[in-house]
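The values are calculated or read from the model by the stated rules, or taken from the named source; none is laboratory data. Treat the numbers as computed from the prediction; the structure is a model and nothing was measured. As a convention, Cβ positions derive from the backbone with ideal geometry for all residues, glycine included, and neighbour counts pool all protein chains shown. All accessible areas refer to the heavy atoms of the entire protein, side chains included, with ligands and DNA or RNA removed. Shrake-Rupley method; radii C 1.70, N 1.55, O 1.52, S 1.80 Å.
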Amino acid sequence: MNQWELVATVLGAGLIPCLLVCALASIADGLIALEVASTLLSTIMIALSEGLQRQPFIDLALTFALLSLLGALAFARLLERDL
Amino acid sequence: MTVVQIMALAVVALGGGAVVAVSDPLRQVLLLSIYGVALALLFFAFQAPDVALSEIVVSALGLPLIILAALRKIRQHERSQDEDSGAR
Amino acid sequence: MSRRARLGLFACAGPALAVVLVLGFRGLPAFGHYHGVYGLVVNGVELSLRHATDMVTALNFDLRAFDTLGEEFILFAAVTGVALLLRELRDESQRGSAADDGAHSFSGASDGLRGASLLLVPLIVALGVYIVLHGALTPGGGFQGGLVLAAGPLAALLAGRYLALKRLAPHAALEVLDALGAAAYALLGLGGLVFASIYVKNFLPLGIPGHLLSGGFMALNSIAVGLEVTGAFLLTWTEFLDQALLIRRRSERS
Amino acid sequence: MPHVSALPIVTPFVAATALVAIRPLARHWLDDLIAVAVAAAVIALCAVLLYRSGSQPVTYWMGGWRPSHGVTIGISLSIDPLGAGLAAFSAVLVLAALIYSLRYFDAAGGLYHALVLLFGGAMAGFCLTGDLFNLVVFFELMGTVAYALTAHRIEERAPIQGAINFAVTNSIAGYAMFIGVALLYARTGALNMAQIGAALDAHRADPLVVVAMAVLFAGFLTKAAAVPLHFWLADAHAVAPTPVCVLFSGVMIELGVYAVARLYWVMFAGPMHPHLIALRAILVAIGVTTALTGAVMCFLQRHVKRLLAFSSISHVGVFICGLGLLGHRALAGVAVYVIGHGLTKAALFLCAGVLLHRFATIDEFELHGRGRELRAVGIAFALGGVLLAGAPPFTLFAGKSLIEAAASGSGYGWLIAVFTVVSALTAGAVLRVAGRVFLGWGPASGPDPQQARAARERVDELRDAREHTPRTMVAVPVALLAAAIAVALIPGAVPAIERAAARFTDHGAYAAWVLRGAGVHWPAIAPSHVSFDDVLYGLLSSGGALALAALALFGAPLRASLPGSLRAGLATAVAGLRGLHSGHVGDYVAWWTAGASALGAVCLLALG
Amino acid sequence: MSFLPYAVAVWLFVAGLWGVVASRNLVRTVLCLSVVQSSTYVLLLGVGYRSAGRAPIVADVPVVSKLVDPTVQVLVLTDIVIEATVIALLLALVVQAHKRFGSVDPADLRPLRD
């Protein structure tokens, strides 16, 4: 285990509070928790790509960052009456 | 088994449980998206980047959009039903 | 059955199923100790015989291309099914006049949001094309890339006026795109039958490993799947968004 | 190696994409023409394969990936006569359904035809493939198409509900199959069924293999609608468009039974050989439960399509019993029975479709006497009932007598009594409907009037005026019935099926020709002969069916003379049985879990 | 510890089924189905993993390195496509169910009473 994997593990554990917020807090808070989770995943994937020394996999982080942006837009627009 | 894998499995197990346990569908969509994120992390940790990418594209955008649109349709239809019954 | 009886039945059956599964799973090789030969042979064969560097894509589009045929037609069937199930009924109407536009769909998008989204479009499309084309080299392939490609127009759809943009990509055109992509995949397989006398035989020159056009017909398969997935998801999304935003019963006033 | 091997699967797929692509042109006759022509072409292709595989089975390695060093990495089509024959049979029913649809209803332009063709291609793939995962993929494709087709009439309530129940339960069945595939892949490192079988031969059955078998069987038995995994079927088959019902009842559920047979003989026959007797008991028990439950529920229905759906469940029970005897003769009987049942049930559904088309209801009591003017349809319907009873010497009778002979041979002689009861009940229900609808016999009002509402369908979906019935809609069921009468009477047909079944059940030979391309010399099989007893049983079940129908139509005084407590007890039992078929998807999934876990537990205890 | 992935798969399968059984809303039923399905992803990928194996892409690593099994990954890819399509189809049905029944509680969807 190198420092990159340590970073990934710590950040990954951060997904659990996101789940809790989504399950228990208001919908708007849940949406923010989802955004935090997305950011976490992008970062984790970069860290793991470094940790595993497979730099081409950073593509995934890039794709996810772009798509989660759109996903957030979709959530915001389709939930506008529920927020 | 690496620590990253154990952590990812734990998050997936919790996330799956949370999606199942919550009853409000709107909240469930949010949880399902986070669950998708956790699954993608797990696939990445299991050395399956192709699968992780598939999960990412499906759970970040592909499915939530469909589910949200369906929910919105159902709510809009409910509202119009309420209006109908109110008018009578 | 009452809700109580139902949950009671499951309270007995569910754990029983779990026990059965656990007993079976105990026979699995311990995690990380898998020794099947299939994967080893594939890893050995693909680079030397097919000049592909992403084994998963190579399996998907060459060794097990016939499975992928089934998979693509599951997608095609589902999209056809969605189109069938969400077709407009006699007691429904679509609010589609220009005057309606913006009033009911996604109103209130600021110019900033619209501009930012439109800037995203070329970026996303470029990324999608990259993922589709590099299927045989790096993670990704037709399915993933196709979905990213579909996200491009979606960015514009979500930010701008729904109707105006929908006119640019009407359902009929998306259906044709979806059908042509699926047909192209099946016909590439037939190419194998015609030129190499076996269905889904890789009949094109293999190229140099690591180059864009290596892997023979895998790149073409990937493009066909990419087109199909683009059409399929855009069609599904717009069908559902139509339901949510446009289609109303005749008796309803919005 | 015949080059056409992949074409029965690919041709309908390509045609389906073409139908969707030309939708903007919107020409009804063009859709019809393409669909019918392609369906006919697929029959021809399947016939070629059937002919070729008759002399020597065909292994077709997709993409030319033949096994190297004894490892299979490609996907094979492994075509033996039984598989090719079933593919050809499904293609025949697809053609019948498409021809009937020409004038039956205003199918949603292009989409309906495309889905039916996809369904046909998926069924062909399911029958021909030699790869376990490929089998699951075609299962999912069949499912996806079938869910959409079930809900074709989205204007109404029942189709939506039926399709949801269908989709949820069958999706879960699919996930169970994925688990089975994963377990077997972990154990053997292979996905080709022949290679999995060869790898499993080396070991005894341990819990992993037993659980893999149990979840795979549970998955395919869901598609086959074995009790208690059957609940979705009646909801879906009763409400799907009539031509689609032909495919569902005539061949789709039988494919579930086919898959179980294929998996058993190719993969599990080796490790399960020491446990043959226990496995036989398990499968026969499932079959008997299914047959009796289906038969009783069938007799209780007044919604005619739902009645036919339960009759299909009941016959699937008979198939599972025949398969469960685990012998080639019984399997041959099942194959003959499947053909006879598929053709007859298809014809009955199509006759019901004529009633629906004409009167916009399918309720037995609402139709009381109204069918008098449809004499040809009435005769066809009654004839279907007689055939379904297994009257000698027609196809269903030939199949049933083979199964019964095998049952007596392996110590399950009491199955004959079960089969007789089942045939009498299901055929009696059909004859009762025939008497009430086409002759106006019996009372005109019955119990459970709320069922009548579900049996009515809207009028405006239909293209034709209701005053007359288009000729194709009568011709198709009549042709199917003629085939059901004729198949077993063709000299050599039944012995050929027996030979095919003997090849199907040869575990070692299958692995040899798939994996090593070895030529196969089949042992000669002595054809079996119909005995006097068989004819007697056939006459008994036909007579029983007539008696039950008469009792239901005219037996009200007799029923009233029963003691009150007995009647109350019967009514409670009936209400309880009906209550289980609640239409609530949660119930169905709970039952599915119970059924799957019970199957797994019993297999672990008896076979481990 | 080496049983953990398989245990998670069993948990997801049974928990998802419980959600389907207990659901009072068809949208929830559909989402729980996707949890059931995800158990098969975990199982399949768990089966094909090899300790210290690397992802089966040899663009940037030598072919001789220890790679995980690519076949299960292909199976999971197909599985994910099936998930997306079945959910889309089921949600289309649910939308129509709400139009016809005015409810998405499975208990209210009972056109056939017998």
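Residues that are surrounded by fewer than 24 Cβ atoms within 10 Å (Cβ to Cβ), more than 7 Å from every other protein chain (Cβ to nearest Cβ), in contact (Cβ under 8 Å) with a residue 60 or more places away in the chain and not in a helix (DSSP H, G or I): does the range C:1-24 have at least one? No, there is no match, as no residue in the range C:1-24 is surrounded by fewer than 24 Cβ atoms within 10 Å (Cβ to Cβ), more than 7 Å from every other protein chain (Cβ to nearest Cβ), in contact (Cβ under 8 Å) with a residue 60 or more places away in the chain and not in a helix (DSSP H, G or I). Within the range C:51-71, being within 18 Å of D:Arg66 (Cα to Cα) and either acidic (Asp, Glu) or surrounded by fewer than 24 Cβ atoms within 10 Å (Cβ to Cβ) (or both) holds for C:Asp62, C:Asp67.
Within the range A:30-83, being aromatic (Phe, Trp, Tyr) and either more than 10 Å from chain B (Cβ to nearest Cβ) or closer than 20 Å to C:Val132 by Cβ (or both) holds for A:Phe57, A:Phe64.
Considering D:Leu82, D:Leu33, which residue is farther than 25 Å from C:Asp67 by Cβ, more than 8 Å from chain C (Cβ to nearest Cβ) and open to solvent by 20 Å² or more (accessible area, probe 1.4 Å)?
So the residue among D:Leu82, D:Leu33 that is farther than 25 Å from C:Asp67 by Cβ, more than 8 Å from chain C (Cβ to nearest Cβ) and open to solvent by 20 Å² or more (accessible area, probe 1.4 Å) is D:Leu33.
Selection of the range D:506-520 for residues being modelled with pLDDT of 90 or more and not in a helix (DSSP H, G or I) yields only D:Asp506.
Answer yes or no: is there a residue in the range E:40-51 that is at the interface with chain C (Cβ under 7 Å from one of its Cβ atoms), closer than 25 Å to C:Val79 by Cβ and out of contact with any Ser or Thr (no Cβ under 9 Å at 6 or more places or on another chain).
No - not one qualifying residue is present in the range E:40-51.
Restricting D:Val244, D:Val239 to those that are of a type outside the set (Gly, Ala, Ser), within 14 Å of another protein chain (Cβ to nearest Cβ), outside any helix (DSSP H, G or I) and over 16 Å from D:Thr426 (Cβ atoms) reduces the list to D:Val239. For D:Tyr147, the conditions (1) crowded, with 24+ Cβ neighbours inside 10 Å; (2) within 8 Å of chain C (Cβ to nearest Cβ); (3) farther than 23 Å from E:Asp79 by Cβ are fulfilled apart from (3). Can you spot a residue in the range E:46-56 that is open to solvent by less than 10 Å² (accessible area, probe 1.4 Å), aromatic (Phe, Trp, Tyr) and within 24 Å of D:Val181 (Cα to Cα)? No, the range E:46-56 has no match at all.
Looking across the range C:57-80, the residues that are touching a residue at least 40 places away in the same chain (Cβ under 8 Å) and within 17 Å of E:Ile57 (Cα to Cα) come down to C:Thr57, C:Ala58, C:Asn60, C:Phe61, C:Asp62.
Within the range D:145-163, is even one residue closer than 21 Å to D:Pro8 by Cα, among the small types (Gly, Ala, Ser) and modelled with pLDDT of 95 or more? Checked against the condition, which is being closer than 21 Å to D:Pro8 by Cα, among the small types (Gly, Ala, Ser) and modelled with pLDDT of 95 or more, the range D:145-163 yields at least one hit. Within the range D:74-91, residues that are among the acidic types (Asp, Glu) have Cβ atoms under 9 Å from residues that are open to solvent by 10 Å² or more (accessible area, probe 1.4 Å) and in a loop (DSSP other than H, G, I, E, B) in these pairs: D:Asp80/D:Pro57, counting only partners at least 6 apart in sequence or on another chain.
Examine the range E:8-29 for a residue that is more than 7 Å from chain C (Cβ to nearest Cβ), within 22 Å of A:Glu5 (Cβ to Cβ) and in contact with a Leu (Cβ under 9 Å, 6 or more places away or on another chain), and state whether such a residue exists. Yes, the range E:8-29 has at least one match.
When D:Glu498 is tested against (1) open to solvent by less than 10 Å² (accessible area, probe 1.4 Å); (2) closer than 30 Å to D:His357 by Cβ, exactly one condition is not met: (2). D:Gly555 passes every criterion in (1) over 20 Å from D:Leu300 (Cβ atoms); (2) open to solvent by less than 20 Å² (accessible area, probe 1.4 Å); (3) among the small types (Gly, Ala, Ser); (4) more than 24 Å from the chain's Cα centre (by Cα) apart from (1).
If you go through the range C:201-254 and keep only what is out of contact with any strand residue (DSSP E or B) (no Cβ under 7 Å at 6 or more places or on another chain) and polar (S, T, N, Q), you end up with C:Asn202, C:Ser214, C:Asn221, C:Ser222, C:Thr230, C:Thr236, C:Thr238, C:Gln243, C:Ser251.
The set of residues in the range C:34-72 being touching a strand residue (DSSP E or B) at 6+ places or on another chain (Cβ under 9 Å), under 12 Å from E:Asp69 (Cβ atoms) and of a type outside the set (S, T, N, Q) consists of C:Tyr34, C:His35, C:Val37, C:Tyr38, C:Gly39, C:Leu40, C:Val41, C:Met55, C:Val56.
Annotation: of all residues in the range D:51-60 being modelled with pLDDT of 90 or more and open to solvent by 20 Å² or more (accessible area, probe 1.4 Å), the one that is nearest to D:Ala122 (Cα to Cα) is D:Thr59. The set of residues from the range B:1-31 being at the interface with another protein chain (Cβ under 7 Å from one of its Cβ atoms), closer than 13 Å to E:Cys32 by Cα and small (Gly, Ala, Ser) comprises B:Gly15, B:Gly16, B:Gly17, B:Ala18, B:Ser23.
Looking only at the range C:209-228, decide whether some residue is within 14 Å of chain B (Cβ to nearest Cβ), assigned to a helix (DSSP H, G or I) and of a type in the set (Gly, Ala, Ser). Checking the range C:209-228: at least one residue is within 14 Å of chain B (Cβ to nearest Cβ), assigned to a helix (DSSP H, G or I) and of a type in the set (Gly, Ala, Ser).
Looking only at residues of the range E:58-74 that are touching a Lys or Arg at 6+ places or on another chain (Cβ under 8 Å), among the hydrophobic types (A, V, I, L, M, F, W, C) and within 7 Å of chain C (Cβ to nearest Cβ), we find that the one that is farthest from B:Ala45 (Cα to Cα) is E:Val74. Sub-9 Å Cβ pairs linking a first residue in the range A:15-44 that is touching a residue at least 24 places away in the same chain (Cβ under 8 Å) and small (Gly, Ala, Ser) to a second residue that is in a helix (DSSP H, G or I) and open to solvent by 30 Å² or more (accessible area, probe 1.4 Å), at least 6 apart or interchain, are A:Ser38/A:Ala65; A:Ser38/A:Leu69; A:Ser42/A:Leu62; A:Ser42/A:Ala65, ordered by first then second residue.
Of all residues being part of a helix (DSSP H, G or I) and more than 7 Å from chain D (Cβ to nearest Cβ) in the range C:31-44, which is surrounded by the most Cβ atoms within 10 Å (Cβ to Cβ)? Just the residue, please. The qualifying residue surrounded by the most Cβ atoms within 10 Å (Cβ to Cβ) is C:Gly39. Going by the conditions given, is C:Lys166 surrounded by 16 or more Cβ atoms within 10 Å (Cβ to Cβ), free of Cβ contacts under 8 Å to residues at least 12 places away in the same chain and of a type outside the set (A, V, I, L, M)? The answer is no for C:Lys166.
Matching residues to (1) surrounded by 23 or more Cβ atoms within 10 Å (Cβ to Cβ); (2) in contact (Cβ under 8 Å) with a residue 12 or more places away in the chain; (3) not assigned by TED's automatic domain parsing to the domain that holds D:Met193:
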site	(1), (2), (3)
D:Ala37	no, no, yes
D:Ala41	no, yes, yes
D:Ala44	no, no, yes
D:Leu49	yes, yes, yes
D:Met62	yes, yes, yes
D:Tyr100	yes, yes, yes
D:Phe126	yes, yes, yes
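D:Leu536 meets the conditions (1) within 30 Å of D:Ala269 (Cα to Cα); (2) part of a helix (DSSP H, G or I) in every case but one. The failed one is (1).
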